[in-house]
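Enquirer: Take a look at the following structure, please.
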């Protein structure tokens with residue numbers, strides 16, 4: 001059988017296309033790349049990794065949150081009680097001015113107790129100072145609290161701090177239902193006024209009741225705070 005002559009033409013090679021890029025175009029491409037890279041660094045990498053957000057894009061996009069460290073949960077209810085509390089009485093503030101005679105005034109003049117009523121877990125912020133006292137050891141204070149049981153029940157007593165001084169600042173979280181406050185004694189040779197500033201969740205003890213047997217009236221000048229007391233003249 002005779003051989004069939006092939007009619008297929010040989011394939012011609014395709015010449016490569018040569019793109020001509022001008023120097024201006026190349027500069028624009030290079031500049032655009034650099035700008036895009038800078039935007040990525042400033043707008044994404046720096047906010048996410050270093051919490052630095054010069055363009056504000058990290059905050060807008062939410063990516064700035066990625067820089068935060070891993071979280072470790074803390075049990076806010078551990079220990080003696082919850083750290084966050086709610087109270088069923090309003091927050092209040094009072095200023096109590098307690099006049100004391102010099103040491104010659106005796107137990108009824110130169111010393112007294114003043115307390116407020118608090119529920120267990122309630123918070124009291126206090127700041128008191130002795131006005132008129134000159135020496136640090138003129139004023140003795142006993143910061144304490146106790147329950148007010150009835151009948152034959154036992155009384156729970158807690159002493160927080162005792163000492164001498166002309167001022168004290170701090171806070172108290174009541175360990176039980178009861179009354180909390182101070183006994184002040186003036187051993188100096190001049191009358192003084194103990195000015196007590198209170199803020200917190202507490203109730204004032206009415207004059208004459210346990211915790212305020214001296215019948216101190218709050219939020220009035222010292223001259224009016226002990227209406228039932230007249231110092232003995234010497």
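Enquirer: Can you find a residue in the range 147-158 that is within 26 Å of the chain's Cα centre (by Cα), part of a strand (DSSP E or B) and surrounded by fewer than 16 Cβ atoms within 10 Å (Cβ to Cβ)?
Expert: Yes, some residue in the range 147-158 is within 26 Å of the chain's Cα centre (by Cα), part of a strand (DSSP E or B) and surrounded by fewer than 16 Cβ atoms within 10 Å (Cβ to Cβ).
Enquirer: Answer with yes or no whether residue 121 is assigned to a loop (DSSP other than H, G, I, E, B), at pLDDT below 95, out of contact with any helix residue (DSSP H, G or I) (no Cβ under 8 Å at 6 or more places or on another chain) and crowded, with 18+ Cβ neighbours inside 10 Å.
Expert: Criteria not met by residue 121.
Enquirer: It is to be established whether one or more residues within the range 175-195 are surrounded by fewer than 14 Cβ atoms within 10 Å (Cβ to Cβ) and either without any contact (Cβ under 8 Å) to a residue 40 or more places away in the chain or part of a strand (DSSP E or B) (or both).
Expert: no
Enquirer: Residues 172, 166: which one is out of contact with any helix residue (DSSP H, G or I) (no Cβ under 8 Å at 6 or more places or on another chain), under 25 Å from residue 86 (Cβ atoms) and either in the same structural domain as residue 141 (by TED's automatic domain parsing) or surrounded by fewer than 14 Cβ atoms within 10 Å (Cβ to Cβ) (or both)?
Expert: That would be 172, the only listed residue that is out of contact with any helix residue (DSSP H, G or I) (no Cβ under 8 Å at 6 or more places or on another chain), under 25 Å from residue 86 (Cβ atoms) and either in the same structural domain as residue 141 (by TED's automatic domain parsing) or surrounded by fewer than 14 Cβ atoms within 10 Å (Cβ to Cβ) (or both).
Enquirer: Right, here's the next one. If a residue must be touching a helix residue (DSSP H, G or I) at 6+ places or on another chain (Cβ under 7 Å) and part of a strand (DSSP E or B), how many such residues does the range 97-118 contain?
Expert: 3
Enquirer: Considering 221, 206, 149, which residue is in the same structural domain as residue 121 (by TED's automatic domain parsing), at pLDDT below 95 and over 16 Å from residue 105 (Cβ atoms)?
Expert: None of the other options fit; the residue is 149.
Enquirer: Restricting attention to the range 196-234, which residues are at positive phi and either part of a loop (DSSP other than H, G, I, E, B) or touching a helix residue (DSSP H, G or I) at 6+ places or on another chain (Cβ under 7 Å) (or both)?
Expert: 208, 211, 215, 219
The values are calculated or read from the model by the stated rules, or taken from the named source; none is laboratory data. As the structure is a prediction and not an experimental result, all values here were calculated from the model. No Cβ is skipped: glycine too gets one built from the backbone with ideal geometry, and neighbour counts run over all protein chains shown.
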